[in-house]
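Encoded as structure tokens, the structure appears first; notes follow it.
The values are calculated or read from the model by the stated rules, or taken from the named source; none is laboratory data. None of the values given here were measured: they were computed from a predicted structure. Please note: Cβ atoms are built from the backbone with ideal geometry, for glycine as well, and neighbour counts cover all protein chains shown. Accessible surface areas use protein heavy atoms only, side chains included; no ligands, DNA or RNA. Shrake-Rupley method; radii C 1.70, N 1.55, O 1.52, S 1.80 Å.
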Amino acid sequence: MGIISLITGWPGPSGFGSATTAEQATAGIDAANLTVIITGGASGIGLETSRVLALRGAHVIIAARNMETANEAKQTICKSYENAKIDVLHLDLSSLKSVKTFADNFIALNLPLNKDVQIARNNAGIMFCPYQLTQDGIEMQFATNHLGHFYLTNLLLDKMKNTASATGIEGRIINMSSVAHLHTYEEGIRFDAINDKNSYSDKKAYGQSKLANILHANKLSRRLKVFFVLLIPEEGVNITVNSVHPGIIMTNLMRHSLNLMRIMKLLTYVLWKNVPQGAATTCYVALHPNLKGISGKYFLDCNEWPASDFARDPKLAKKLWDYSNHLLDSALQRS
């Protein structure tokens with residue numbers, strides 16, 4: 001794997017590469033016994049992920065902030081596949097109250113939960129936005145791209161554990177990260193200055209949030225392995241946690257820097273993917289049987305890829321885990 005493979009689309013060890021589409025990456029896979037939550041599943045690569053997983057037979061829960069767009073997405077998919085199983089629930093990842101309400105509403109449906117695909121595209125994914133705080137008083141990119149997902153995972157983890165235990169089917173959590181995790185602040189995560197307006201950089205704040213996605217996935221993966229396999233082996237929980245970079249795709253996520261992205265695309269056009277290609281790695285990691293038992297990894301172009309030194313630092317991951325829990329506790333107490 002390397003820049004040549006990225007440009008040419010030549011497959012890597014998995015048999016897939018940058019030119020692979022989501023349908024190709026999941027060809028022949030039967031997901032009829034799976035229930036999948038897809039945050040940001042109403043547009044862009046999130047919609048393509050929803051479509052392809054529904055095509056494979058999964059019961060897809062589209063979690064979206066814009067319910068009109070989400071219902072249109074549902075109708076579009078159902079027109080193509082009359083047997084598609086799609087439900088829509090409201091979720092605004094920038095609001096901890098909304099995250100809690102979504103989790104309560106999903107649990108009330110009394111459905112199993114096999115896969116939690118946290119894309120956070122158009123629904124709430126924020127990229128390069130001007131400095132702003134959420135209603136919970138947290139910097140928008142960190143809150144939406146990391147903390148909202150962190151909280152959602154906490155709220156749904158018992159449901160995933162119970163489903164995996166009852167069905168014997170491996171649960172999978174997929175965090176959408178980005179190659180942008182390489183471009184973050186000097187210290188990786190600015191624990192002492194998350195909300196500092198004066199030193200805020202829209203690009204580095206985005207990279208920080210994407211680094212947090214990988215650190216969260218890696219730490220949760222280690223916790224599940226250690227706690228449920230080593231300490232309580234008779235209760236071993238069959239859940240993997242991985243992170244993915246979808247590739248460079250022009251979507252509504254880039255609305256805050258559209259002109260910059262257009263210039264970048266002109267200069268680096270051979271590196272850009274279309275939407276079906278952009279959804280491939282997420283669908284591959286969510287469904288492919290070759291990844292059974294694979295956890296705590298970072299994927300690009302449907303192949304395992306080395307993340308940054310920061311992303312692979314277990315001490316930084318633990319510090320982020322503790323910091324995120326503290327941030328959640330403080331915000332929830334204030335609300």
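For this structure, a couple of remarks:
- Positions within the range 36-52 being in contact with a strand residue (DSSP E or B) (Cβ under 7 Å, 6 or more places away or on another chain) and either in a helix (DSSP H, G or I) or farther than 17 Å from M67 by Cα (or both), in sequence order: V36, G46, T49, S50
- When residues of the range 170-199 are limited to those that are of a type in the set (V, I, T) and at pLDDT 95 or above, the one farthest from the chain's Cα centre (by Cα): I194
- Of the residues making up the range 102-123, at least one is at pLDDT below 95, open to solvent by 10 Å² or more (accessible area, probe 1.4 Å) and either out of contact with any strand residue (DSSP E or B) (no Cβ under 7 Å at 6 or more places or on another chain) or over 22 Å from N175 (Cβ atoms) (or both).
- Yes/no for D87 being in a strand (DSSP E or B) and among the charged types (D, E, K, R): yes
- Those residues of the range 271-310 which are part of a strand (DSSP E or B) and either within 21 Å of E23 (Cβ to Cβ) or not acidic (D, E) (or both), in sequence order: W272, Y298, F299, L300, N303
- Some residue of the range 164-185 being assigned to a strand (DSSP E or B), open to solvent by 10 Å² or more (accessible area, probe 1.4 Å) and within 25 Å of K100 (Cβ to Cβ): yes
- Residue list for the range 41-92, filter: open to solvent by 40 Å² or more (accessible area, probe 1.4 Å) and in contact with an Asp or Glu (Cβ under 6 Å, 6 or more places away or on another chain): R65
- Each residue in the range 139-163 was checked for being part of a helix (DSSP H, G or I) and more than 16 Å from I107 (Cβ to Cβ), and 11 pass.
- Residues in the range 186-204 that are loosely packed, with under 14 Cβ neighbours inside 10 Å and without any contact (Cβ under 8 Å) to a residue 12 or more places away in the chain were compared, and the one that is nearest to D313 (Cα to Cα) is E187.
- Qualifying residue in the range 200-214 (condition: part of a loop (DSSP other than H, G, I, E, B), over 16 Å from H149 (Cβ atoms) and either at pLDDT 95 or above or out of contact with any His (no Cβ under 6 Å at 6 or more places or on another chain) (or both)): yes
- Checked against (1) surrounded by 17 or more Cβ atoms within 10 Å (Cβ to Cβ); (2) at pLDDT below 95, L320 meets all criteria but (2).
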